[in-house]
Amino acid sequence: MRSTLNGGHLSGAERIVCGDFTQIIPDLMLQAMSYSNMPDSIAISVDTVDTSSIIYKSPLGIRTVESSSPEDALRISADLLKNSGVSPAAVEKANYLLRTGPSAGGGNMRGAVIMDSASGDRLEPDSSRGVRVSRVDYTMDARDSLINKLREEGIFHRRVVDALAIATKAAGRRETVAELCRSDDPDYTTGYIASRKCGYVRITNIKKKGDHVGGRVLFVRRNDLNIEEYIHYLERQPVIIRVRARRVRRVGSVKIKDLTP
Ligand code: AMP
C-alpha cells in the first residue's frame, strides 16, 4: 500500500500473505488512513512471491531506553551506534541528515540512506528516493506473539511492528553494521537504533512533537559491499520473520522449557 498527498509520499505498508490476500486489504486501508495527514490517493498493488526463495529470520530483541530530551537521545544513539561499529564521523553525518531532511534537495525520502559506516559517504544510487526495504513480514504466530508481548509491556504501536520487521531484515545481511531511524510522523517521537550487537533499541524523545523531518540510515561495511546485490536483498528478497520453536527438554519426569528468545 502506498498513500500520497499532492503527489508526495505519505505512508507505505506491505504484507506477505499465504492464501486469501483480500483479508488484509482493510488493514492496509486503515493504516493509510491512520497517518496524521489525510492522503488524497491510496494505491494497493499485489505481486506473486516464489515461496522457494523465502529466507526465514528470527526477530531482533527489543529494548527501550528512556531519554529526557532530543539532546539526550542523540547522546544515547551515538553511544549505541559507535558501540555497534559506526565511526563518530558517520554518526554525526547521519544525525545531521535526519535532523535537516535526508533527501538530496532537503526534505524526507521514501527510502533509506545507505552510508559507509567509516567515512559517512552516501552510497545509495538515488539520494532523493533512497532504498526501500520491502518484501518482509511475520508468520501469523510471530506477529501475534510480538503484538501480545508489546501490549504486555505497554509499548504496542503498529510502527514498532513494521519497524522491527525492517530492522530485522536489514540486520540479517552481514554488510549491515547498524541502522538509525527517526520517524517522519510529527506525532511519533520515539526513534530507534538497531544492530546485531544491540538488537532493536527504542529511544524515546528522539525529536520534538510536531517535527515532520525523519528518515532512516543503514550503515554498511564498504570493503566487501556489492551495492547492487545489497540493494536487491533489501528491496526484492522475500524474508519472513518467525519465532524460534520453544525447545522442551525432559529430565526424568520434569519438563524444562528453553526460554531463550
Ligand atoms: P517512518 O518510521 O515510517 O516514519 O519512516 C521514517 C523514514 O524512514 C521515512 O521518512 C523514510 O525515509 C524511511 N522509510 C520508511 N519506510 C521505509 C522502508 N520500508 N525502507 C527504507 N526506508 C524507509
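The values are calculated or read from the model by the stated rules, or taken from the named source; none is laboratory data. All of these numbers come straight from a predicted model, not from anything done at the bench. Here the Cβ positions follow ideal geometry from the backbone for every residue, glycine too, while neighbour counts run over all protein chains shown. What goes into the accessible areas is simple: the full protein's heavy atoms, side chains included, and nothing from ligands, DNA or RNA. Shrake-Rupley method; radii C 1.70, N 1.55, O 1.52, S 1.80 Å.
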Between SER128 and SER52, what length comes free when the chain is fully extended (0.36 nm per residue of separation minus the Cα-Cα distance, one decimal in nm)? 24.0 nm
LYS208 - accessible surface, heavy atoms, 1.4 Å probe, Å² rounded to 10: 130
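Rank MET109, MET140 by accessible area, highest first, at a 1.4 Å probe radius?
Values: MET109 20, MET140 150 Å².
Order by accessible area, largest first: MET140, MET109.
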All-pairs alpha carbon distance profile, the chain, 10 Å steps from 0, percent: 7, 29, 37, 21, 5, 1, 0
Which cross-chain or sequence-distant (5 or more) residues have an amide H under 5 Å from the amide H of ASP121, H modelled 1.01 Å from N in plane? ASP116
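Sort CYS18, CYS181 from largest to smallest accessible area, using a 1.4 Å probe on the heavy atoms of the protein chains. Present the calculation step by step, with values, prior to reporting the outcome.
Details: CYS18 135, CYS181 15 Å².
Most to least solvent-accessible, the answer reads CYS18, CYS181.
Using a probe radius of 1.4 Å on heavy atoms only, what accessible surface per residue do you get for the range 128-197? Whole Å² is fine. Working shown, then result.
Details: 2770 Å² over 70 residues.
Averaged over the residues of the range 128-197, the accessible area is 40 Å².
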In whole Å and largest first, what semi-axes does the C-alpha gyration tensor of the range 1-153 yield when each eigenvalue is scaled by 5 and square-rooted? 30, 22, 18
Take every DSSP beta bridge with both residues inside the chain and express the antiparallel ones as a percent of the total, to the nearest 5. 65
Could you tell me the relative contact order of the range 172-222? Use alpha-carbon pairs under 8 Å, at least six residues apart, and round to a whole percent. 45
Solvent accessible area, Å² - SER11, 1.4 Å probe, full protein context: 20
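Please tell me the relative contact order of the chain in percent, rounded to the nearest whole number, where contacts are Cα pairs under 8 Å and at least six residues apart. Working shown, then result.
Values: 488 pairs, mean separation 64.4, N = 261.
Taking the mean separation of contacting Cα pairs over the length of the chain, I get 25 percent.
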Can you give the accessible area per residue of the range 1-85, in Å², using a 1.4 Å probe? 61
Carbon-plus-sulfur fraction of the accessible area of the range 35-111, 1.4 Å probe, in percent? 49
Quick check: net charge around PHE156, other residues with Cβ under 14 Å of its Cβ, Lys/Arg +1 and Asp/Glu -1? +2
Under the helix-only model (-39500 (n - 2.57) for each DSSP H run of 4 or more, divided by the residues of the chain), the mean residue ellipticity at 222 nm, to 500 deg cm²/dmol, is -9000 deg cm²/dmol
Ordering THR48, THR22, THR168, THR189 from largest to smallest accessible area (1.4 angstrom probe), what's the sequence? THR48, THR22, THR189, THR168
In the range 132-246 the DSSP beta bridges are antiparallel at a rate, in percent to nearest 5, of 80
Please give the Cα centre distance for the range 158-188 versus the range 56-78, rounded to the nearest Å. 11
Roughly to the nearest percent, how much of the accessible area of the range 189-229 is carbon and sulfur, given a 1.4 Å probe? 47
What nm distance separates the two modelled labels at ASP121 and ARG151, each placed 7 Å from Cα along Cα→Cβ? 4.9
